[in-house]
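Input: a single structure, listed below in structure tokens.
The values are calculated or read from the model by the stated rules, or taken from the named source; none is laboratory data. Treat the numbers as computed from the prediction; the structure is a model and nothing was measured. Counting neighbours? That spans all protein chains shown, and the Cβs are built from the backbone with ideal geometry, glycine included. Remember, those area values only see protein heavy atoms, side chains included, never the ligands or the DNA or RNA. Shrake-Rupley method; radii C 1.70, N 1.55, O 1.52, S 1.80 Å.
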Amino acid sequence: MEYNTDRTHLNMPEYGRIIQILVERCKTLATKEERNEMANAIVDFMGQRNPQLRDEENYKHKLWDHLFILASFDLDVDSPYPITSQEELHTPPKRMDYPKLQGDFKFYGKSILTLIEKAIELEPGEEKEALIEVIANNMKKSYNVYNKEHVHDDVIFRHLKELSENRLDLTNIESLDKSKIYYATNKNNSNNKNRNYTNNNQNKRRSFNPKNNRN
């Protein structure tokens, strides 16, 4: 009996041992023409064994990359795509830069910072003032949702001023108008509560209806 531990290592187990054997066989062929013909046949076979790859972008290119991985990058054939080197394959992706929102500001998110930068770039005028108020309203919404408590407008004004490094200032406004999104959310929640309350009362009246309790 032959155990898997005694067999050659599978570079990509999802393709199975048959394809791995075919790749090893392809490497031993004498001429490049023969190797090219067999490599193309193997790639087609790999696509048939894994049809879900066809839903991915550039799936043919990925199949050829997988072929060279299966061959441990030791396969002399002509690929229709640029060959990914072993070094490129094992190079870790670059670390993503995340916005540094700490303390009181962590729940506002990157979109608020993007809007603040856009507002700073605008020339003074109605468009800029409208965008600043939209930003402040969304900040108020985010604060209330995250902290589950009402926040005074002066807190939002202070946070906006700090996030914009004193370039956006709403301290001359007494209070914020409710944004359409925030108002609609609260209105829908209120309507749902009223609807549930009405349905519960109707169910209670049906339960205590004498006609329903007759034997």
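Values computed for the structure shown
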| read-out | value |
| --- | --- |
| Qualifying residue in region 24-37 (condition: crowded, with 16+ Cβ neighbours inside 10 Å and over 23 Å from Thr8 (Cα atoms)) | yes |
| Where a residue in region 132-145 is under 14 Å from Lys110 (Cα atoms) and its partner, wherever it lies, is open to solvent by 30 Å² or more (accessible area, probe 1.4 Å) and at pLDDT 90 or above, with Cβ under 6 Å and at least six apart | Ile135/Leu115 |
| First in region 78-106 and at pLDDT 70 or above, second anywhere and assigned to a loop (DSSP other than H, G, I, E, B) and open to solvent by less than 100 Å² (accessible area, probe 1.4 Å), Cβ under 6 Å, 6 or more apart | Gln86/Phe73 |
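Rundown of residues vs (1) acidic (Asp, Glu); (2) modelled with pLDDT of 90 or more, yes/no style:
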site	(1), (2)
Leu115	no, yes
Glu121	yes, yes
Glu126	yes, no
Ala130	no, no
Ile135	no, yes
Ser142	no, no
Val145	no, no
Lys148	no, no
Val151	no, no
